[in-house]
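One structure is given below, encoded as C-alpha cells.
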Amino acid sequence: MQKPGSFLYPAVFLVSAIGIAYQVVLMRVLSIAQWHHFAYMIISIAMLGFGASGTLLTLVRSKLSGKERPAFFFSLLLLAISLPLCYVWSQRIPFETFHLVTQGDQFGWLLALYVILALPFFLVSTCITLAFFLAPRRVGRVYFVDLIGSGLGAAAIVGLLFLFPPDWLPYLLSLPLLLLSGWMAFTMGPISKGVFAVVTLTALTVFGFHGIAPIRVSDYKILSYTMQFPDAEIVAEAQSPLSQIKVVHSRQIRETAGQLGNYPFRQYGPLPEQTGLFFDAGSVSVVNRFDGDLEALAFMDYVTPALAYRMTKAPNVLVIGAGGGSDVLMALHHGARHVTAVEVDPSVFPLIDAHLLEFSGGLYHRDDVTPVTAEGRGFLKAHGGSYDVIHIALLDAFNAAASGVYALSESYLYTREAIELYMQHLSEDGVLAITRWLKTPARDAIKMFATLVEACEAAGIDDPGGHIAFIRSWNAGTLLLSRSPWTEEQLSEIRAFSNSRGFDIAWMPGLQPDEVNRFTMLEEPIYYRSALAILSDQREAFYRDYLFDVRPATDDRPYFFQFFKWDTLRVLVRDMGFEWVPFVEWGYIALLATIAQGAVASALFILLPLITLSRLTETRGARRWVVMYFTALGLAFMFLEIAFIQKFMLFLTYPIYAVAVVLTAFLVFSGCGSALADRWRGDRLPIVAAAVAGIVLITVIYTLMLPPLFSAWAGWPDAGRVAISFVLIAPLAFCMGIPFPSGLQLVSDRYAAMVPWAWGINGFASVMGASLATFTAIHLGFRVLVWSAALLYILCVPA
C-alpha cells in the first residue's frame, strides 16, 4: 500500500467542497431551465454517482492495489473536465417536465440526464474512496476532511452565486481542480505530466472556442414566450442565490393581477408602458412607467385585488412580494397613506435603481413608500407593526400555476399558521387580501378559502364566514379576510364593485344562490358550494371526497400547491382516458418518475456487487449486516437533513440561507463527530449506541421545543439567528457524524474488500432517501419524517 502523501487531505477537502457546490449550481440551473430546483433529484443524482463508484471500485479493487495514487490523479483530472462538459451535455438533452406522460421518450431523456449529471459525482466519490484506500487506518480522518470540505463548500457557493451567473460556475469550479491535478502531475512521472498537459490544453481549446453554454430554458416558461415578441430585448440582468432576474423591455408586455373587469379604455386610455422582471424565466413582476401621476393608474381599480382598498380609507399597507411595484402603485392609487414594500430577493431594489429609476418614477424612493428586503413572515415576526391592509401579491405566473409544476414547492406564505400571523398584525378593521390564479378543475382558491376558515377558528372566531369575502374573474380570484365582521356598508360595496366590474362573488355573508355564477359562468357554482361545505359540519367529508387535496397547508406540510390524490388519478383515468393528463400536478409526476428511476438504478447497482461478493469467502457473514447498516444510515441522514432545512427555513426566513446554514452546520459538525470516531480506539459498538441515543433524544426535544423557541427568537438580527442555528444543529450533527465512519472503519478492519461496497450502498440509500423524504413530507409532514429518521437510526444499533 502506498503512503498517502501530503496531497491527500487538501485534495479530499477541495474535491468535497466542489462536489457540494456543484450540486447547488445544478439546482439553480434546473430552477431556471425547468420550473423547480428539483433538489431531491439533484441529491439523488449525486448519490447515484457515489453508489456507482462504490460498485465499480468493489469489482476492480484487487487490480488497483499499489496503483491508488495514479488512479486518484486521473480521477481528479477527469473530475475537473467533467464539471463543464457534463453541464454542456445536460443542456443539449430535450427533457421537458410537461411531457413526462404525453411523450414516452421523456423517461429516456430523464435517464440520460441522470447518467450524464451523475458522472462528476461518480468521480468525486472515486477520489474519496481512493483516499480511504490510501489511508485505511485513518478512515475517520478522511471522512472528517470530506465533511468539513462539503460544509464549507455549501457556504462558499452562496457567495459565488451573488457574483456569477449559474452557467459560469461549472467552468469556474473546474479551475481549482485543474490546478491541483497539475500540482500532482508534476510530482509524479512523465506520463502523468504528459496526460495532464494534453487533456488540459484540449479542454481549454474546446471550451474557449465554444464559450460558455447558456442554460436551455423550457419553451413553456413565460420568458420564452415573451422573447418571441419582435421588439423584446433583455436590457439588464442580476443574479443572487435566490433567483436570476432578467429585465425585458417590449411594448407588447402588459401584465395585470388577473383579468381587467369592464375597464373603460376609451375613458382612461391604454395601460402604461411596462418592463418585465423575469425571475428564473418562470414568473414575472412588471415595472410600470410612472411619472408621479396616480390618476393615470385607473386600470388598477379594475382587478379583483382592488376590492381590499374599497374596504378601508387611507390605509397603512403592507405588500408582501413587492417586486416591480405594481401592487405598491395600486395601494397608492387608492389613497394609502403609507406602503411598506417587502421583497425577498435582494437583487430587485438595486436592479430597479440602477436601470429603471427614471422609468419607475423613483417609486421606491418616495416618502410614503418603505422598501424592505426580507421574507414576509420573517419581517412581521422581527418588526411587528399593525396594518390596515396586508396584500399578498400574485407571485407566480399563470401558466406555471395552471400546470401544477409548483406542486413540490414549499410556501410558508400560505399555511394556516401564516394566516394566523397576518391576522395578528391587522388593525382592528384591517383586511388581508390574497389573490390566486384559478385552475380547472377548481382547487387553489378553494384550498385558500379553507385555510382562511381554519385560521379564523384557531384565532377564536366563531363565525369565520362573516369575516371572509371571495370574488373572481375568469382567471384569478381574490379572497379577503377582515379582522372584524363585515359591516352592511362593506357588504354593499362588495356587491357594487363586483357587479360594476363583471366579477363573480363566490362568497360573502348573506350571499344568495341566485347572486353567484353570473358573469363568468361555470357548469356549476363550484366555489360557492365548496365554501358552504367548508363552513358546515360536513367539512371533513368534503376534504375526503373532493377530487383534489384542498386541506389547508400547515408549517409541518407547507406544500400549498400540492393537490394530487391517488383516488383522483384513478377517477380521471377511468372517466377521461388519456385526456386526464392536463389535470394532474406535474411536479408530483416528476417526483414519482425520480423515485422510479432511483429504485431501478439502486437495485441494479446494488445487486451486481452482491452477486460478485457472494463468491468471496472473506465477506461471508458480513453482507447482510453491511446492507442493513449502511442503508439505514443513508436514509436516516437524508431524512433529517431535509427535514431540518425545512424547519430552519422559517427561522432564517431566506430559503437559500437556510440551505447553506443547515448544510454547512450538518456537514461541519458531522465531520467533528467523525473525528472523534477516528480517535476512538476501543470497541466501536458502544460509541455508535451512544451516538444513536443522542440523536433520538435530541430529535425528541427539538420536535417539541423548536417551534416556540423559533417564535421567541424571531426578532433577533440575521447574524444572531444564524449563530443560534449553528448552536442548535451542532449537537445533533455531531452525533450523526459518528455511526458512518465507525461502521466503515469496522468494515475496513475486518472486510477490506467491502469498503467501496459499503460506501456505495450508503450512496444508493441516499438516492432513495432524497426523493422518499420529499414524498413523506408531502403526505405525512416533517414531524413524521423526523420520527422515521430516528427509528432508522435505532435499527443501526446491534441487538
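Of the chymotrypsin sites (Phe, Trp or Tyr not before Pro) in the stretch 166-258, the ones in a loop by DSSP (not H, G, I, E or B) with at most 12 other beta carbons within 10 Å are Phe186. For the chain, the relative contact order is 16 percent, taking Cα pairs closer than 8 Å that sit 6 or more residues apart in sequence and dividing their mean separation by the residue count.
Once the Cα atoms are used to define both axes, helix 526-535 deviates from the longest principal axis of the chain by about 80 degrees. With contributions of -39500 (n - 2.57) from each DSSP H run of at least four residues, the per-residue ellipticity at 222 nm computed over the chain stands at -19000 deg cm²/dmol. For the peptides 292-301, 328-337, 45-54, the ranking by packing is 45-54, 328-337, 292-301, with the highest mean count of neighbouring Cβ atoms within 10 Å listed first.
Beyond 21 Å in Cα-Cα separation lie the following of the pairs Lys221/Lys439; Lys439/Lys647; Lys63/Lys193: Lys439/Lys647; Lys63/Lys193.
Taking amide H atoms as placed 1.01 Å from N in the peptide plane, the amide H of Trp507 lies under 5 Å from those of Phe470, each 5 or more residues away in sequence or on another chain. Computed from Cα atoms, the angle from the helix 39-64 axis to the main principal axis of the chain rounds to 10 degrees. The packing ranking of peptides 664-672, 766-774, highest mean first, is 766-774, 664-672, where packing means the average number of other beta carbon atoms within 10 angstrom of each residue.
For a quick check of your reading of the filter: which GluC sites (Glu not before Pro) in the stretch 494-562 sit in a DSSP loop and have no more than 15 other Cβ atoms within 10 Å? When the GluC sites (Glu not before Pro) of the stretch 494-562 are filtered for loop state and at most 15 Cβ neighbours within 10 Å, Glu523 remain.
Shape class for the stretch 146-229, computed from the alpha carbon gyration tensor (a ≥ b ≥ c): oblate, with a/c not under 1.5 and a/b at or below b/c.
If only the Cβ of Lys and Arg carry +1 and only the Cβ of Asp and Glu carry -1, the dipole of the chain around its Cα centre is close to 3880 debye. Here the Karplus curve 6.51 cos²θ - 1.76 cosθ + 1.60, taken at θ = phi - 60°, turns the phi angles of the stretch 174-183 into couplings of 6, 5, x, 5, 5, 5, 5, 5, x, 4 Hz, with x standing for Gly and Pro. In this simple spin-label approximation, Thr487 and Leu704 carry label points 7 Å from Cα along the Cα→Cβ vector, and these lie 4.8 nm apart. Could you pull out the trypsin sites (Lys or Arg not before Pro) across the stretch 675-754 that fall in loop regions by DSSP (anything but H, G, I, E, B) with no more than 13 other Cβ atoms inside 10 Å? Sparse-neighbourhood loop trypsin sites (Lys or Arg not before Pro): Arg681.
Only the coordinates and a few stated rules stand behind these numbers; no lab work does. For clarity, every value in this text was computed on a predicted model and none was experimentally measured. Positions of Cβ are generated from backbone atoms using ideal geometry, with glycine treated the same way; all protein chains shown enter the neighbour counts.
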